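Asker: Below you'll find the structure I mean.
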Amino acid sequence: MPEETKKFQTEVQELLNLVIHSLYSNKDIFLRELIANAADAIDKVRFESLTSPSLKAEWQIKIEPDKTRNTLRISDNGVGMTRSEVVENIGTIAKSGTREYLAALKKSDSKNLPELIGQFGVGFYSAFMVSDKIELVSKKAGSDEKATLWISQGESSYTIDDAEMVEHGTSITLHLKPDCKIYLEDWKIQEIVKKYSDFIEHPVKLVSMKKQKDESSALEEEIINSQKAIWLRPANEISDEEYKQFYGHLSHFDTDPLLHIHYSAEGTSEFKALLFIPSKAPFDFLNPEQRKAGLHLYIKRVFITESCPDLLPEYLRFIKGVVDSSDLPLNISREMLQDNPGIHKINKNLVRKIISELKNLIEKDREKYNSFFTDFGRFIKEGVHSDFQNKDKLIELLLFETLNNADGKLFSLKEYSEKMPAEQKEIYYICGESRAVLEKSPHLEFLRSRNFDVILMTDPIDEWILQSIPEYSGKKLKSAGKGDFELDEKTKSEKEDKTKKAVEEHKTLVEFLKKTLEKDVREVKFSTRLTESPCCLVSGEHDPSIQMEKMFKAMNREMPKMKRILELNPDHPLVASLQSLYDKNSSDPKLAEFAEMLYDQALLTEGIPLADPIKFSKRVATLMVDGIKGEIGK
């Protein structure tokens, strides 16, 4: 095919501008990314060679600095690319996360940019940090198509043409910028490979000119990575620094892991695993693309896939790591992995081990566990809802803030239940948007007066998981905004007497309120939970809460309107005042207005928008005017 000049996709142009013109604190990562891409290409063709022996080769990655030409060449004999694949993979970015990447790139400071590059798989473009021209030649393994030459100076376009190449693979030649000549030095290349790519399974060879004894020069090749599969080595022989380096290579995160789990399983299922729990969740962790992530799977040290989600349940998708099985067949396809019983055995063992390590962490290093739960607690909650087999163990890993303790201090259900006073019969919780809002909720007035603690649930997922936890340690979990409280005999008797008296005194008022508000509430009754506020809205015991209703609306999902119970405080002077007005003139039109205002007030305390805020505002203004006139007339 003839030579062509093509425009970069708009997003690629924007990306290149940012990469080339932004200031980076660590340009070394370009070599890490190119080596990682080369290793991936070899892994792919090596997998194909299991069924196509003609593709077998002595797998290797070469790095060739040339000080005379001021070029650095990185080559591999991996799977290679066809002409159309070169255009697709380099001229465009198909990943759905690109827009998020670009947005994060613009917002981040220089020290965070290298990490972001690794996370989004756009590492090839990082080569433009150090070069003002890149030439790529690639030939697809097993294809009769000619090799492809791709050239760009990192501007708005690139040229693409046919090329000659004997073996399959990819060769990338970087024409280095004047201030980047340090990357032609052997020691610098060795330093970067040792730091980032030492655990690459394939040999990384440095090809450079060496002086001979007779003062002549000759090319020499030297393997500069250890190629040691760290997960196969005994744990007591591996330093913390080596674990950190491997985690960086695996995850492309520049932060250290919170915890590593080096595990060897023997018996009915034999495999070795090296798993890492990140210390911080990356900003895009809830991106749907992240759900496709999984552990790297090896079989007898042969790389099979970089994403095997079936090795772990989805709620543990934040785990990074490697699994190397001795039982699975080498010729297994990626499609067959999902239904393989060996994978299910590994999954079961890994989940048990991870939960055990987290349990150990919560008992022995609470500060570290709290840090973990702050970032990844939502995933543990998912597990409570979805992993029935391990639900009870996962419940013990949950942490919550509570009403009677400082903001940010976290407690488990076990710790909460152990501190409950003897007269408290239930574990109380309340769901809402924030701690600040919940602390002011009228639903808590009685509980606060008794010094009962209340679990504050501010994560939208909390209400979902509560469906899986009806009780804990023999105590029912009870919403402070639903149904009636289970009280001790003395308090129950006192409340019943007060309620009975209020019902007798205000029977006509309650009937009036029920009739006036029948389109909005299903019942009006006197409350056992209010001590200060005049009223509140309460959900039925088995109804979705107000918070869940708001969450459904935020997701644009239909939900039938639930009529709630309007509870009145029998001791509040407003109730007595309304009763007096009713007794004076039950036909007074102001009664209906006051009834609607009472309901609106209950809505506002729940954070629910009013159907007609302007009408409410006018009514409040009228009341204020009447009150001011009354004060003046005194």
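Asker: Check which residues have an amide H placed less than 5 Å from Cys535's amide H, if you skip close sequence neighbours.
Answerer: Hits under the 5 Å cutoff: Asn569.
Asker: If you don't mind, another one. Give me Lys409, Lys205 ranked fewest to most by other Cβ atoms within 10 Å of their Cβ, as a rough exposure proxy.
Answerer: Ranked by crowding around the Cβ, least crowded first: Lys409, Lys205.
Asker: Still on this model: List the lysines whose alpha-carbon lies under 19 Å from that of Lys550, not counting same-chain residues fewer than 8 positions away?
Answerer: Lys440, Lys482, Lys561, Lys563
Asker: Ok, one more. Set the Förster radius R0 to 51 Å, insert the Cβ-Cβ distance between Ser84 and Gln389 as r into 1/(1 + (r/R0)^6), and round the FRET efficiency to 0.05. Walk me through the numbers before you get to the answer.
Answerer: Details: r = 46 Å, r/R0 = 0.91.
Computed FRET efficiency for Ser84 and Gln389 comes out at 0.65.
Asker: How much length is gained on full extension from Lys211 to Ala576, taking 0.36 nm per residue of separation minus their Cα-Cα distance?
Answerer: Taking 0.36 nm per residue and subtracting the Cα distance, the gain is 121.1 nm.
Asker: Residue by residue, what Karplus-based ³J(HN,Hα) values in Hz, rounded to whole numbers, does segment 371-386 have, using 6.51, -1.76 and 1.60 with θ = phi - 60° and x for Gly and Pro?
Answerer: Listing the rounded values in order: 4, 4, 5, 4, 8, 10, x, 4, 6, 5, 5, 4, x, 4, 7, 10 Hz.
Asker: Among rounded, prolate and oblate, which fits segment 400-479 when a ≥ b ≥ c are the square roots of the eigenvalues of its C-alpha gyration tensor, a/c under 1.5 means rounded, and a/b larger than b/c means prolate?
Answerer: rounded
Asker: Next question. Residue separation times 0.36 nm, minus the C-alpha to C-alpha distance between Asn70 and Asp132: what's the value?
Answerer: Working: separation 62, 0.36 × 62 = 22.32 nm, distance 1.12 nm.
Gain on stretching Asn70 to Asp132: 21.2 nm.
Asker: Is the C-alpha gyration tensor of segment 489-632 telling us rounded, prolate or oblate? Criteria: a/c under 1.5 is rounded; beyond that, a/b larger than b/c is prolate, otherwise oblate.
Answerer: Working: a/c = 1.89, a/b = 1.12, b/c = 1.69.
It is oblate, given that a/c is not under 1.5 and a/b is not larger than b/c.
Asker: Right, another one. Over the chain, what relative contact order in percent results from Cα pairs under 8 Å that are six or more residues apart?
Answerer: On the way: 1013 pairs, mean separation 52.5, N = 634.
Once normalised by length, the contact order is 8 percent.
Asker: Now, a different point. So which of Lys475/Lys498; Lys425/Lys500; Lys280/Lys425; Lys490/Lys515; Lys280/Lys409; Lys205/Lys272 end up more than 30 Å apart by C-alpha?
Answerer: Violating the 30 Å Cα-Cα cut-off are Lys280/Lys425; Lys490/Lys515.
Asker: For Lys478, enumerate residues with amide H under 5 Å from its amide H, sequence gap 5+ or separate chain, H modeled in the peptide plane.
Answerer: HN-HN under 5 Å from Lys478: Ile427, Tyr428, Tyr429.
Asker: So how much slack lies between Ser307 and Lys195, counting 0.36 nm per residue of separation and subtracting their Cα-Cα distance, in nm?
Answerer: 37.9 nm
Asker: How large is ³J(HN,Hα) for each residue in segment 127-140, as worked out from phi by the Karplus curve 6.51 cos²θ - 1.76 cosθ + 1.60 (θ = phi - 60°), to whole Hz, x for Gly and Pro?
Answerer: Going residue by residue, I get 5, 6, 5, 10, 10, 9, 7, 10, 10, 10, 10, 9, 10, 6 Hz, with x marking Gly and Pro.
Asker: Show me, for segment 71-80, the HN-Hα J-couplings you get by feeding each phi into the Karplus relation (A = 6.51, B = -1.76, C = 1.60, θ = phi - 60°), rounded to Hz, glycine and proline as x.
Answerer: Those phi angles translate into 10, 10, 10, 10, 10, 8, 10, x, 5, x Hz.
Asker: OK, next. For the chain, take the longest principal axis of its alpha carbons; what is the angle in degrees between that and the long axis of helix 98-107, to the nearest 10 within 0 to 90?
Answerer: That works out to roughly 80 degrees.
Asker: Quick one: compute the contact order of segment 360-410, relative version, from alpha carbon pairs under 8 angstrom and 6+ residues apart, as a percent. Can you show the working numbers first?
Answerer: Details: 34 pairs, mean separation 12.9, N = 51.
Value for segment 360-410: 25 percent.
Asker: Mind giving me the nanometre distance, one decimal, between the label points for Glu220 and Glu363, set 7 Å out from Cα along Cα→Cβ?
Answerer: Placing both labels 7 Å along Cα→Cβ, they lie 5.6 nm apart.
Asker: Leaving out same-chain residues fewer than 8 places away, which aspartates and glutamates sit with a Cα under 12 Å from that of Lys211?
Answerer: The qualifying aspartates and glutamates are Glu220.
Asker: Place a label point 7 angstrom from the Cα of Asp488 along the Cα-to-Cβ direction, then list the residues of segment 411-428 whose backbone nitrogen is under 11 Å away.
Answerer: Taking a point 7 Å out along Cα→Cβ of Asp488, the residues of segment 411-428 whose backbone N falls under 11 Å are 421-425.
Asker: At a Förster radius of 60 Å, what calculated FRET efficiency corresponds to the Cβ-Cβ distance of Ile632 and Ser371, to the nearest 0.05?
Answerer: Working from the Cβ atoms, E equals 0.50.
Asker: Please list, in order, the residues from segment 396-411 whose amide nitrogen is less than 19 Å from a point placed 7 Å along the Cα→Cβ vector of Arg557.
Answerer: No residue qualifies, since no backbone N sits under 19 Å from the label point.
Asker: Match the structure shown to one of the listed values [x] 232; [y] 189; [z] 220 of volume of the Cα convex hull per residue in Å³, computed from it, and give that label.
Answerer: [z]
Asker: Taking segment 358-421, which chymotrypsin sites (Phe, Trp or Tyr not before Pro) meet the DSSP loop condition and have no more than 10 other C-beta atoms within 10 Å?
Answerer: Sparse-neighbourhood loop chymotrypsin sites (Phe, Trp or Tyr not before Pro): Phe388.
Asker: Using the Kirkwood radius over Cα pairs, work out the Stokes-Einstein diffusion coefficient for segment 1-88 at 20 °C and 1.002 mPa s, in µm²/s as a whole number.
Answerer: 134 µm²/s
Asker: Mind checking which lysines have their C-alpha under 17 Å from Lys133, skipping anything on the same chain fewer than 8 residues away?
Answerer: Lys133 reaches Lys6, Lys7, Lys27, Lys67, Lys177, Lys181.
Asker: Quickly work out the Glu164-to-Lys414 label distance, labels modelled 7 Å from Cα along the C-beta direction, and quote it in nm with one decimal.
Answerer: 7.2 nm
Asker: Kindly provide the helix-only [θ] at 222 nm of the chain, computed as the sum of -39,500 (n - 2.57) over DSSP H runs of four or more divided by all residues, to the nearest 500 deg cm²/dmol?
Answerer: Calculated at 222 nm, the ellipticity per residue is -11500 deg cm²/dmol.
Asker: Nearest 0.05, what FRET efficiency do Glu185 and Lys353 give at R0 = 35 Å with Cβ-Cβ as r? Intermediate values should be presented prior to the final figure.
Answerer: Values: r = 44 Å, r/R0 = 1.25.
Plugging the Cβ-Cβ distance into 1/(1 + (r/R0)^6) gives 0.20.
Asker: Turning to a different aspect of this structure: For the residue pair Thr268 and Arg522, what label-to-label distance in nm results when each label sits 7 Å from Cα along the Cα-to-beta-carbon direction?
Answerer: 4.8 nm
Since every read-out is calculated from the coordinates, none of them should be taken as a lab result. None of the values given here were measured: they were computed from a predicted structure. Positions of Cβ are backbone-derived with ideal geometry, glycine not excepted, and every protein chain shown enters the neighbour counts.
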